[in-house]
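Trainee: To start, I am sharing the structure in question, which I have written as structure tokens.
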Amino acid sequence: MLTKDDIRGVSAMIPTPCKEGQGGWQYEDSVDLDETARMVEQLISAGIGSIAANGTTGECAALTLEEKLAFTRTIVEVARGRVPVFAGITTLGTKETVRQMRKFRELGAQGGFVGLPLWQTPTLTNSVKFYADLAEAVPDMALMVYANPLFFKSTFPVEFWAGVGKHCPTVVTCKYVGNLMDPKNMLIDLPASMDAAPHVQFLPIDFAVPMAY
């Protein structure tokens, strides 16, 4: 299984190409798989370190499961193990997340790119327990935490990462946005979070890389 040391360089959190004129609700096969293959090959050839799909700019909620599976299958087939692939598996609940994790694992995706359930605001305990449950249910699939305060109703404080460090062994990396209201907090939060979860590779979002460095 993937570890922190397998996550290197830039992680591309890719868009989901749509077939021309098929963005409406009535189209059940809307993903352009040819364009997906071209995009993935171009990114890998350019030296990208890993790929994460179906985030909040990749239709984690808008696509059907069948479309997400076809999209991810194409990514995995083109990648051919050259870079880690994290399938987007954000849902409204733990049971559905686990079900989809198992399906994407069968496809060959090495990891899951998972945000907190997009419904009620979670407590800190809820948030840690969610990822701990995923680690228990699918122990052979690495996890990338989608730590974006803007979308997931949490600031992902140091205490969260301390919980991940103790209870979530399959979490190996995260999309780390930090406190959008006060980016300077990253100067304190990021080192403390890294210490709290030493088995996690923190990937700061692009605009925060200079400050993270």
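Trainee: Among the numbered criteria (1) surrounded by 12 or more Cβ atoms within 10 Å (Cβ to Cβ); (2) at pLDDT 95 or above; (3) among the hydroxyl-bearing types (S, T, Y), which single criterion is violated by S45?
Mentor: (1)
Trainee: Considering only residues that are in a loop (DSSP other than H, G, I, E, B) and either in contact (Cβ under 8 Å) with a residue 60 or more places away in the chain or farther than 24 Å from I75 by Cα (or both), which ones fall in the range 97-114? Reasoning before the result, please.
Mentor: Of the range 97-114, the ones in a loop (DSSP other than H, G, I, E, B) are 108-110.
Q110 - this is the single residue of the range 97-114 that is in a loop (DSSP other than H, G, I, E, B) and either in contact (Cβ under 8 Å) with a residue 60 or more places away in the chain or farther than 24 Å from I75 by Cα (or both).
Trainee: Farther than 21 Å from A61 by Cβ and in contact with a strand residue (DSSP E or B) (Cβ under 6 Å, 6 or more places away or on another chain) - does that describe any residue in the range 82-102? Write out each step before concluding.
Mentor: The initial filter retains those residues of the range 82-102 that are farther than 21 Å from A61 by Cβ, namely 82-84.
Imposing the further condition that a residue be in contact with a strand residue (DSSP E or B) (Cβ under 6 Å, 6 or more places away or on another chain) reduces the set to 83-84.
Yes; the residues of the range 82-102 include at least one that is farther than 21 Å from A61 by Cβ and in contact with a strand residue (DSSP E or B) (Cβ under 6 Å, 6 or more places away or on another chain).
Trainee: Taking into account only those residues within the range 74-96 that are part of a helix (DSSP H, G or I) and among the charged types (D, E, K, R), which is farthest from T121 (Cα to Cα)? Before the answer, list the steps.
Mentor: Just the residues of the range 74-96 that are part of a helix (DSSP H, G or I), to begin with: 74-79, 94-96.
Restricting the remaining residues to those that are among the charged types (D, E, K, R) gives 77, 95-96.
Numbers: E77: 37, K95: 18, E96: 18 Å.
Result: E77.
Trainee: Oh, and also: Kindly list the number of the only condition in (1) in contact with a Phe, Trp or Tyr (Cβ under 7 Å, 6 or more places away or on another chain); (2) in contact (Cβ under 8 Å) with a residue 40 or more places away in the chain that fails for P84.
Mentor: Status for P84: all satisfied but (1).
Trainee: Looking only at residues in the range 36-63 that are outside any helix (DSSP H, G or I) and free of Cβ contacts under 8 Å to residues at least 24 places away in the same chain, which one is nearest to Q110 (Cα to Cα)?
Mentor: Taking the range 36-63 and keeping what is outside any helix (DSSP H, G or I), we get 46-63.
Now restrict to residues that are free of Cβ contacts under 8 Å to residues at least 24 places away in the same chain: 46, 62.
On the way: A46: 21, A62: 23 Å.
The residue in question is A46.
Trainee: Checking Y27 against (1) more than 20 Å from Q110 (Cβ to Cβ); (2) in a loop (DSSP other than H, G, I, E, B); (3) out of contact with any Lys or Arg (no Cβ under 9 Å at 6 or more places or on another chain), only one condition comes out false. Which one?
Mentor: The failed condition is (3).
Trainee: Can you name the residue in the range 147-166 that is touching a Leu at 6+ places or on another chain (Cβ under 8 Å) and not in a helix (DSSP H, G or I) and, of all such residues, is nearest to L203 (Cα to Cα)? Please lay out each step first, then the result.
Mentor: Quick first cut of the range 147-166, residues touching a Leu at 6+ places or on another chain (Cβ under 8 Å) only: 149-154, 157, 159-160, 163.
Within this subset, residues satisfying the condition of being not in a helix (DSSP H, G or I) are 153-154, 157.
On the way: K153: 19, S154: 17, P157: 15 Å.
Among them, the one singled out is P157.
Trainee: Also, I was wondering about something else. What do you reckon, is V114 buried (at least 21 other Cβ atoms within 10 Å of the Cβ), among the β-branched types (V, I, T) and closer than 19 Å to D5 by Cα?
Mentor: In short, no.
Trainee: Identify, from the list L143, L118, L92, the residue that is in contact with a Pro (Cβ under 8 Å, 6 or more places away or on another chain), touching a residue at least 12 places away in the same chain (Cβ under 8 Å) and of a type in the set (A, V, I, L, M, F, W, C).
Mentor: Values: L143 fails: in contact with a Pro (Cβ under 8 Å, 6 or more places away or on another chain); L118 fails: in contact with a Pro (Cβ under 8 Å, 6 or more places away or on another chain).
The conditions single out L92.
Trainee: Continuing with this model, one more query. Do you know which residues across the range 118-143 are outside any helix (DSSP H, G or I) and either β-branched (V, I, T) or in contact with an Asp or Glu (Cβ under 9 Å, 6 or more places away or on another chain) (or both)?
Mentor: T121, T123, V138, A142
Trainee: Take the residues in the range 173-193 that are over 23 Å from G55 (Cα atoms) and either of a type in the set (F, W, Y) or outside any loop (DSSP other than H, G, I, E, B) (or both), then tell me which one is modelled with the lowest pLDDT.
Mentor: Initial filter on the range 173-193 (over 23 Å from G55 (Cα atoms)): 182, 184-185, 187-189, 191-192.
Those left that are additionally either of a type in the set (F, W, Y) or outside any loop (DSSP other than H, G, I, E, B) (or both): 184-185, 187-189, 191-192.
On the way: K184: 68, N185: 71, L187: 76, I188: 80, D189: 86, P191: 90, A192: 92.
Among residues in the range 173-193 that are over 23 Å from G55 (Cα atoms) and either of a type in the set (F, W, Y) or outside any loop (DSSP other than H, G, I, E, B) (or both), the one modelled with the lowest pLDDT is K184.
Trainee: Another question, if that's okay. Give the residue that is modelled with the lowest pLDDT, with candidates limited to residues of the range 149-161 that are within 22 Å of P198 (Cβ to Cβ) and buried (at least 20 other Cβ atoms within 10 Å of the Cβ).
Mentor: Checking each candidate, the answer is F156.
The values are calculated or read from the model by the stated rules, or taken from the named source; none is laboratory data. Given the structure is predicted, the values throughout are model-derived calculations rather than measurements. Note that we place each Cβ from the backbone using ideal geometry, even for glycine, and neighbour counts take in every protein chain shown.
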